[in-house]
Amino acid sequence: MNYHTIELSGEPLVIGVNNGVHQAKFDKKNFTSEEDYEKFDRFFYESDYYNQTIDFKKVPVSIKEVNLYAKAKVTDFMGFTPEVPDADFLVNERIKDILSKCKLLKYLLFPTKVKRKNTNENYTYYFFYYPGLDFEKVILEKSELYTREVFLKGVKDKVYKIKNLEHYKKLYRTLLSPRFSKICIDSKYKKNDCISIAGRMFVSEKLKKLIGHNTNSGIEFGDRCELIFD
């Protein structure tokens, strides 16, 4: 099964704004109550989020509405600010239905309303909460990093094979903006249509085709990072 990276589009012609990838925003007043906001803040920002064991029954996302930027376009996937760990996208009903037809690891969809100020625009969307696999699941000895290096004749990617964890840490300290060009994980995850690990989200060919790729999707597919299984 082939996998492709998926990420939000930053193209203004697609998302309508030129701030990067944010079409919408929320703040304290968008929560259902002061108590809900405090629970959310403690869980995601005040705690050591990435070192805690996630209890899916206690994930506190109760944001009643999200506000579109004035020029933002409404797409299937939408970016928002502030960032929420492991919840990279807002998705609409179409994507919700597609996800229900695919094989994923455990995920949550938190409903919210997407509104545009001073208009009657009102859409049902969902925060797509999909925790990534622990970094320890990366088989480093079969993975690779790359950096983009500038030469007189242009830009070239240089790939580094990883020997072990200590070697990975050394490369990460010494190289300029290293990123994975190949990520290897256990083959037991191979049947999943969506896998998030090491800061990358991958989708299967099946899920990619179901989502489609047009200006209404709001996302981009890529193949710069390869996902392989051992």
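The values are calculated or read from the model by the stated rules, or taken from the named source; none is laboratory data. Please read these numbers as outputs of a predicted model, since none were measured by experiment. No Cβ is skipped: glycine too gets one built from the backbone with ideal geometry, and neighbour counts run over all protein chains shown.
Quickly run through the stretch 44-63 and pick out the residues that are surrounded by fewer than 18 Cβ atoms within 10 Å (Cβ to Cβ) and either modelled with pLDDT of 95 or more or not in a loop (DSSP other than H, G, I, E, B) (or both).
Scanning the stretch 44-63 gives Tyr45, Glu46, Tyr49, Tyr50, Asn51, Phe56, Lys57, Lys58.
Taking the conditions exactly as written (over 30 Å from Tyr3 (Cβ atoms), aliphatic (A, V, I, L, M) and touching a residue at least 60 places away in the same chain (Cβ under 8 Å)), does Ile63 satisfy them or not?
The answer is yes for Ile63.
Among the residues of the stretch 214-227, is any under 17 Å from the mean Cα position of the chain (by Cα), within 26 Å of Ala24 (Cβ to Cβ) and either part of a helix (DSSP H, G or I) or assigned by TED's automatic domain parsing to the domain that holds Ile98 (or both)?
Scanning the stretch 214-227 turns up no residue that is under 17 Å from the mean Cα position of the chain (by Cα), within 26 Å of Ala24 (Cβ to Cβ) and either part of a helix (DSSP H, G or I) or assigned by TED's automatic domain parsing to the domain that holds Ile98 (or both).
Please tell me if Leu140 is in contact with a helix residue (DSSP H, G or I) (Cβ under 7 Å, 6 or more places away or on another chain) and either free of Cβ contacts under 8 Å to residues at least 12 places away in the same chain or surrounded by 14 or more Cβ atoms within 10 Å (Cβ to Cβ) (or both).
Yes.
Mind checking which residues of the stretch 3-19 are modelled with pLDDT under 90 and either loosely packed, with under 12 Cβ neighbours inside 10 Å or of a type in the set (Lys, Arg) (or both)?
Correct list: Asn18 only.
Please go through the stretch 79-94 and give me each residue that is among the acidic types (Asp, Glu) and either touching a helix residue (DSSP H, G or I) at 6+ places or on another chain (Cβ under 8 Å) or closer than 21 Å to Asn51 by Cα (or both), ordered by number.
Within the stretch 79-94, Glu83, Asp86, Asp88 qualify.
Within the stretch 200-213, how many residues turn out to be in contact (Cβ under 8 Å) with a residue 40 or more places away in the chain and either closer than 24 Å to Tyr168 by Cβ or in a helix (DSSP H, G or I) (or both)?
Within the stretch 200-213, residues that are in contact (Cβ under 8 Å) with a residue 40 or more places away in the chain and either closer than 24 Å to Tyr168 by Cβ or in a helix (DSSP H, G or I) (or both) number 9.
Return the residue satisfying two criteria in turn: it lies in the stretch 33-53 and is under 20 Å from the mean Cα position of the chain (by Cα) and without any contact (Cβ under 8 Å) to a residue 24 or more places away in the chain, and of such residues it is nearest to Glu83 (Cα to Cα).
Of everything passing the filter in the stretch 33-53, Tyr45 is nearest to Glu83 (Cα to Cα).
Quick check: anything in the stretch 125-132 assigned to a helix (DSSP H, G or I) and within 17 Å of the chain's Cα centre (by Cα)?
The answer is no, given that none of the residues of the stretch 125-132 is assigned to a helix (DSSP H, G or I) and within 17 Å of the chain's Cα centre (by Cα).
List, please: which pairs have Cβ atoms under 6 Å, are six or more places apart or on different chains, and start with a residue in the stretch 21-32 that is assigned by TED's automatic domain parsing to the domain that holds Lys115 and under 10 Å from Ala72 (Cβ atoms) and end with one that is in a loop (DSSP other than H, G, I, E, B) and of a type outside the set (A, V, I, L, M)?
Matching pairs, first to second residue: His22/Gly79; Gln23/Gly79.
For the stretch 70-124, which residues satisfy the criterion of being basic (Lys, Arg) and either assigned to a loop (DSSP other than H, G, I, E, B) or farther than 23 Å from Lys29 by Cβ (or both)?
Passing the criteria: Lys71, Lys73, Arg94, Lys96, Lys101, Lys103, Lys106, Lys117.
Answer yes or no: is there a residue in the stretch 190-198 that is closer than 18 Å to Thr147 by Cα and touching a residue at least 24 places away in the same chain (Cβ under 8 Å).
Yes: the stretch 190-198 contains one or more residues that are closer than 18 Å to Thr147 by Cα and touching a residue at least 24 places away in the same chain (Cβ under 8 Å).
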